[in-house]
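Each remark here refers to the structure printed beneath this line.
Derivation of every value follows stated rules applied to the coordinates shown; laboratory data play no part. What you see is a predicted model; the values in this text were computed from it and never measured. No Cβ is skipped: glycine too gets one built from the backbone with ideal geometry, and neighbour counts run over all protein chains shown.
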Ligand code: G3I
């Protein structure tokens, strides 16, 4: 029977995909699902392309990229500029605007050139906003102001004319000050300067029962699309308190369906990526103690009710 990616493509999307991480690639059952393009037509390295201290280390990223090439899966490349996990020297160096611009451009040019022709999309800038809609404080903002956004997107555009260039963030999946800021202080800000931005990634890390409704997600996606950019669901998961019970799993099914269903209703929502598909490899328990079961496959590789719920939504489109 048809699986997630096959159904998503039949419904007009480019892909249904998943994040994956290098240490996970020794689990043969996991790999057999990851490799199955009927299930996943797109991969995102969840950590493998993040910068490592002071060096360009392409090995972890290339393992995931090569897997995608071998399987003919679309690759979303993640990410170029982020406040988190910065190489230590970025925060300890005393920068001038000129020296930081050079370092930023050099980093982006190296990375994007290295992966050129392999990345369907790049998350160029990740999580540059606070929930109140102000620019998030980071070294780049301190030294360069919001201009760093222009420098980053312009450098990425120059290094790969074909890759779709995205701004990626969480809590911008519904109307509010942060989504508005993503439109005005990121998308509009770049467009006004004549700098290319092709898409907005809606991370979609949701909490069971508190997921925005399908209608709200559709309306929000359209608010970006009206600006002339694509949207994508880039990091979908729905966490719950452990242990999972029947009621939470039923609610989780509705929550997954709201997100996937919203993307189906918006032609320029290009695809859906889950932030890994197997509960033991989820980032949730490490960050939200007591929470988990956020993915589509249980530890024994049986599927969550949400998996079947997502299939139903994809089928009925
Ligand atoms: O590689 C080291 C390892 O050497 C060390 O022994 C171990 C001990 O803590 O840490 C390992 O690094 C961890 C890394 O993942 C690789 O596994 C970091 O501690 C851990 O903080 C890091 O977490 C990742 C997080 O981003 C921070 O980069 C998660 O796996 C990853 O899922 C998460 O992904 C982010 C997206 O990039 C952006 N959006 C939100 C999303 C979830 O936080």
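If I ask for residues that are assigned to a loop (DSSP other than H, G, I, E, B) and either within 15 Å of the ligand (Cβ to nearest atom) or touching a helix residue (DSSP H, G or I) at 6+ places or on another chain (Cβ under 6 Å) (or both), which ones from the range 60-93 would you list?
Correct list: 83, 84, 85, 86, 87.
Between residues in the range 68-84 that are over 13 Å from residue 46 (Cα atoms) and residues that are within 12 Å of the ligand (Cβ to nearest atom) and part of a loop (DSSP other than H, G, I, E, B), which pairs lie under 7 Å by C-beta distance while being six or more apart or on different chains?
Pairs that qualify, where the first residue is over 13 Å from residue 46 (Cα atoms) and the partner is within 12 Å of the ligand (Cβ to nearest atom) and part of a loop (DSSP other than H, G, I, E, B), are 82/127; 83/127.
Looking at the structure I just gave you, is residue 25 assigned to a helix (DSSP H, G or I) and within 16 Å of the ligand (Cβ to nearest atom)?
Judged against the criteria, residue 25 is a match.
From the residues in the range 34-58 that are in contact with a strand residue (DSSP E or B) (Cβ under 7 Å, 6 or more places away or on another chain) and farther than 26 Å from residue 107 by Cα, which one is farthest from the ligand (Cβ to nearest atom)?
Filtering the range 34-58 for residues that are in contact with a strand residue (DSSP E or B) (Cβ under 7 Å, 6 or more places away or on another chain) and farther than 26 Å from residue 107 by Cα, the one farthest from the ligand (Cβ to nearest atom) comes out as 41.
Which of the following residues is free of Cβ contacts under 8 Å to residues at least 12 places away in the same chain and outside any helix (DSSP H, G or I): 201, 133, 194? Walk me through how you get there before you give the answer.
On the way: 201 fails: free of Cβ contacts under 8 Å to residues at least 12 places away in the same chain; 133 fails: free of Cβ contacts under 8 Å to residues at least 12 places away in the same chain.
One residue alone meets the criteria, 194.
Looking at (1) out of contact with any helix residue (DSSP H, G or I) (no Cβ under 9 Å at 6 or more places or on another chain); (2) outside any helix (DSSP H, G or I); (3) in contact (Cβ under 8 Å) with a residue 24 or more places away in the chain, which is the only condition residue 57 fails?
Residue 57 satisfies all of (1) out of contact with any helix residue (DSSP H, G or I) (no Cβ under 9 Å at 6 or more places or on another chain); (2) outside any helix (DSSP H, G or I); (3) in contact (Cβ under 8 Å) with a residue 24 or more places away in the chain except (3).
Consider residue 119 against the criteria (1) under 29 Å from residue 8 (Cβ atoms); (2) out of contact with any strand residue (DSSP E or B) (no Cβ under 6 Å at 6 or more places or on another chain); (3) within 16 Å of the ligand (Cβ to nearest atom): it satisfies all of them except one. Which criterion is unmet?
Checking residue 119 against (1) under 29 Å from residue 8 (Cβ atoms); (2) out of contact with any strand residue (DSSP E or B) (no Cβ under 6 Å at 6 or more places or on another chain); (3) within 16 Å of the ligand (Cβ to nearest atom), the one that fails is (2).
Quick grid of which residues meet (1) farther than 22 Å from residue 119 by Cα; (2) away from the ligand (no atom under 16 Å from the Cβ):
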{"site": "141", "(1), (2)": "yes, yes"}
{"site": "147", "(1), (2)": "yes, yes"}
{"site": "196", "(1), (2)": "no, yes"}
{"site": "226", "(1), (2)": "yes, yes"}
{"site": "239", "(1), (2)": "yes, no"}
{"site": "243", "(1), (2)": "yes, yes"}
